Amino acid sequence: MDAPPVQPSASARLLRQADSPRQLLVVTHYFSTHRGGVELVAAELAQRLASDHGWRVDWMASDVDALPDHLTDAVVCHPARAWNVFERRMGVPWPIWSPDALFPLWRAVGRADAVHLHDALYFGSAFAWLFARLRGVPVIVTQHVGSIPYRSRLLRFIHALANRTLGRLLLSTAHRVIFISPAVCDQFSRFCHFRSPPTYIPNGVDSAAFTPDGRIADDPEIVATRRSGRRVFLFVGRFVEKKGLRILHGLASLFPDDLWLLAGHGPIDPALWKLPNVRVVRGQSGAGLADYFRAADLLVLPSVGEGFPLVVQEAMACGTPAMVGTETAAGCPDARSLMIVEGIGPDDASATRWARRLAGLRADAEDLAVLRPAVARFARENWSWTRTSARYAELLASLPVPSARKNRWP
């Protein structure tokens, strides 16, 4: 699966040098201010490719959030006017771009030496792929997620069909495909015939922010809970169905003496559960979020339909063990022995199974304490944005030079 990148020819390298700085177009469904894992990864890669590897980056995404303000000047954000109705009403993050966003996308593809798509099924990804094909610009795709077991049969059918049609088309024709999880790669390999062998590149972690050596969240309720010997359980992510909010609701009800911190945002509001042991934490990221990771005894993430969530890596980098589903654990087999793994089924019995496992961990806190230095060490040794961005830079350097005919078009 992880073949070494094909080296560019001498003529290609000379052309690249003559045309430097190289121009990369990144397309995502949202900007990083939406605070989803895919968008945060896209921002980190764009920033590092620009600052460390000499690329100039156009980043195009939906205009439903404020623009990121922490990026280098070499990364230019282009908001696309979009309707976000599916996420607001159904928790499905699939914004629809306005027709007047397509011409700027066409122009951005024409300026690019390469197009980088994050996940194949989004509206902007599909049109960016089409325009790149028409303009002779090479495409790489980072595929973060595979199948998503929505509770709705209709949504499950639509998503599976989209993966086997549009997803198959994009991934089979892209010059390079990167998977952040071997489990997701296995899913698509069953029906995709890749143009070149797909590559597994795990996401990195911001080791400056997410470290076990730091303060914990300065919150009286957290301090009182820890001093009393009760547990602090943490969830981080969007408040949507696939993140396991139904299971979390059940767990918080079954363990009323422990503090449940739910950090994120979304169409489901845990504050409406009216549980006195549930605290909703909003607007935290980076170092501020790391304070909550370090304060928690355990990250509880009963999510499905993901590759390997970035929040698991961030928690482990802070020395916080993670309890995840079997599907999530398959996203990083080398770390499975360091995670608490429990199955997630389509029925409400999942909460009961998770509660039984959690009760055992809660009764013997030593099991979790012993894990903390081991998970922090694993994260430090295996997840580095420096290494990850360097591998992406190698893949981009291996791409063919765009067809000269693109320059004759608007």
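The values are calculated or read from the model by the stated rules, or taken from the named source; none is laboratory data. Just so it is clear, the model here is predicted, and its values are computed rather than measured. Heads up, the Cβs are rebuilt from the backbone with ideal geometry, glycines too, and the neighbour counts pull from every protein chain shown.
General observations
- Only one entry of R336, R282, R294 meets the criterion of being outside the structural domain of R35 (by TED's automatic domain parsing), of a type in the set (K, R) and in contact with a Gly (Cβ under 7 Å, 6 or more places away or on another chain), and that entry is R294.
- Residues of segment 202-223 include at least one that is within 30 Å of F255 (Cβ to Cβ) and in contact with a strand residue (DSSP E or B) (Cβ under 7 Å, 6 or more places away or on another chain).
- Odd one out for G345 among (1) assigned to a loop (DSSP other than H, G, I, E, B); (2) surrounded by 18 or more Cβ atoms within 10 Å (Cβ to Cβ): (2)
- Check on A393, surrounded by fewer than 17 Cβ atoms within 10 Å (Cβ to Cβ), in contact with a Leu (Cβ under 7 Å, 6 or more places away or on another chain) and at negative phi: no
- Filter pass, P410 being within 27 Å of the chain's Cα centre (by Cα), part of a loop (DSSP other than H, G, I, E, B) and at pLDDT below 85: no
- Comparison of L371, L361, L395, L299 shows that the only residue that is part of a helix (DSSP H, G or I), in contact (Cβ under 8 Å) with a residue 60 or more places away in the chain and not assigned by TED's automatic domain parsing to the domain that holds C185 is L361.
- Any hit, segment 347-354, residues being modelled with pLDDT of 90 or more, among the small types (G, A, S) and not assigned by TED's automatic domain parsing to the domain that holds H159: no
- Only one entry in R336, R353 is outside any loop (DSSP other than H, G, I, E, B), within 19 Å of the chain's Cα centre (by Cα) and surrounded by fewer than 24 Cβ atoms within 10 Å (Cβ to Cβ), namely R336.
- Candidate set from segment 206-232 (those that are among the acidic types (D, E) and in contact with an Asp or Glu (Cβ under 8 Å, 6 or more places away or on another chain)); member that is nearest to Q284 (Cα to Cα): D218
- Only residues that are among the hydrophobic types (A, V, I, L, M, F, W, C) and touching a His at 6+ places or on another chain (Cβ under 8 Å) were counted across segment 180-215, and they come to 2.
- Residues of segment 253-278 satisfying the condition of being closer than 20 Å to R294 by Cα and either of a type in the set (V, I, T) or buried (at least 20 other Cβ atoms within 10 Å of the Cβ) (or both): L259, W260, L261, L262, A263, G264, V278
- Selection status of A61, assigned to a helix (DSSP H, G or I) and modelled with pLDDT of 95 or more: no
- In segment 131-142, the residues that are touching a Ser or Thr at 6+ places or on another chain (Cβ under 9 Å) and not in a loop (DSSP other than H, G, I, E, B): R133, R135, V139, V141
- Condition check for R56: part of a strand (DSSP E or B) and at pLDDT 95 or above: yes
- In the set (1) modelled with pLDDT of 95 or more; (2) assigned by TED's automatic domain parsing to the domain that holds P93, the condition left unmet by L234 is number (2).
- Residue, farthest from V205 (Cα to Cα), within segment 362-383, restricted to residues that are surrounded by 17 or more Cβ atoms within 10 Å (Cβ to Cβ) and out of contact with any helix residue (DSSP H, G or I) (no Cβ under 8 Å at 6 or more places or on another chain): R362
- Residue count for segment 360-407, restricted to those that are of a type in the set (A, V, I, L, M, F, W, C), out of contact with any Lys or Arg (no Cβ under 8 Å at 6 or more places or on another chain), farther than 29 Å from D213 by Cβ and modelled with pLDDT of 95 or more: 1.
- Selection count where residues are of a type in the set (D, E) and either closer than 23 Å to D213 by Cα or in a strand (DSSP E or B) (or both), scope segment 266-291: 1
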